[in-house]
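The values are calculated or read from the model by the stated rules, or taken from the named source; none is laboratory data. Because the structure is predicted, anything quoted here is derived from the model rather than measured. With ideal geometry, Cβ positions are generated from the backbone for all residues, glycine too; neighbour counts draw on all protein chains shown. Only protein heavy atoms, including side chains, enter the accessible area calculation; ligands, DNA and RNA are left aside. Shrake-Rupley method; radii C 1.70, N 1.55, O 1.52, S 1.80 Å.
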Amino acid sequence: MAFLYPLAPSRIMPAIAAAPSKQHCLPPLRKETALSAITPSPPLPTPSLRRRLCSMLYEAMLLFGVIFISTWLFSTLLQQRHALYLRHGLELWLFAVLGLYFVWFWTHGGQTLAMKTWRLRLVGSDGGSVAIGRALARFLLSWLWFLPGLALAWALQVQGWMLVIIPGLNLLLWTALTYLDPQRQFLHDRLAGTRLIDLNLPPKRQ
């Protein structure tokens, strides 16, 4: 008849104390995991100014082929017999081709052929991929490298070497503005919400 009596408190308390708690069943949290969760990722490295300028020079050489083929297609399809015929139409056509060229590569991997050669990549300000709107804004803003100088030379009606000196000063001024940026990014990248990063791996320590 002993099973009819409730268990005594003296028998229940040791059983509760012996049962494992949920807190002790959880695996211990490693210090590395906790530190990685609170430690911010290092900033993306910015390529040197020399490499960026060399990439731009190489890009300009490659664009000669793009412009040549685009001009040939325009002249062949529209039967352009001399340079003055449909001149403004040809300028708009080449502007659209260049925009499509850069926007496509910047939004599909962030690299043109010249940027792949020099190990550069275009990303958003947050380090992610570049959206079409930002790529188009960067393309339009990049014309500020020399358009203000050309417009000033045209307004002053200069001739001779001044047609080269004034746009050249525009290039030097735009390049010098890089040193005012804390991350040494170009001004058109800062305005468009993009940035160039360096894909070269740092040398391993011996």
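Report the net charge of residues surrounding Ser125, where surrounding means a beta-carbon distance below 14 angstrom and charges are Lys +1, Arg +1, Asp -1, Glu -1.
Its environment carries a net charge of +2.
Using the per-residue mean of other Cβ atoms lying within 10 Å as a proxy for protection, in what order, highest first, do the peptides 115-127, 90-102, 58-70, 185-197 fall? Mind showing how you got there, number by number?
Values: 115-127: 16.9, 90-102: 14.8, 58-70: 13.0, 185-197: 19.4.
Sorting 115-127, 90-102, 58-70, 185-197 by mean packing, highest first, produces 185-197, 115-127, 90-102, 58-70.
More than 15 Å apart: what percent of Cα pairs in the range 69-128 qualify?
60
Can you send over the carbon and sulfur percentage of the accessible area for the range 113-206, probe radius 1.4 Å, protein chains only?
So the carbon and sulfur contribution to the accessible surface is 67 percent.
Report the Cα centroid-to-centroid distance between the range 154-190 and the range 65-131 in angstrom, as an integer.
22
Rounded, prolate or oblate: which fits the range 62-206, taking a ≥ b ≥ c as square roots of the Cα gyration tensor eigenvalues, rounded meaning a/c under 1.5, else prolate when a/b beats b/c?
Oblate, since a/c reaches 1.5 and b/c is not below a/b.
How much area per residue is accessible in the range 88-155 when the probe is 1.4 Å and only protein heavy atoms are counted (Å²)?
On a per-residue basis, 57 Å².
How much length is gained if the chain between Leu49 and Ala155 is pulled fully straight, taking 0.36 nm per residue apart and subtracting their Cα-Cα distance, in nm to one decimal? Please list the in-between numbers first.
On the way: separation 106, 0.36 × 106 = 38.16 nm, distance 3.12 nm.
Once the chain is fully extended between Leu49 and Ala155, it gains 35.0 nm.
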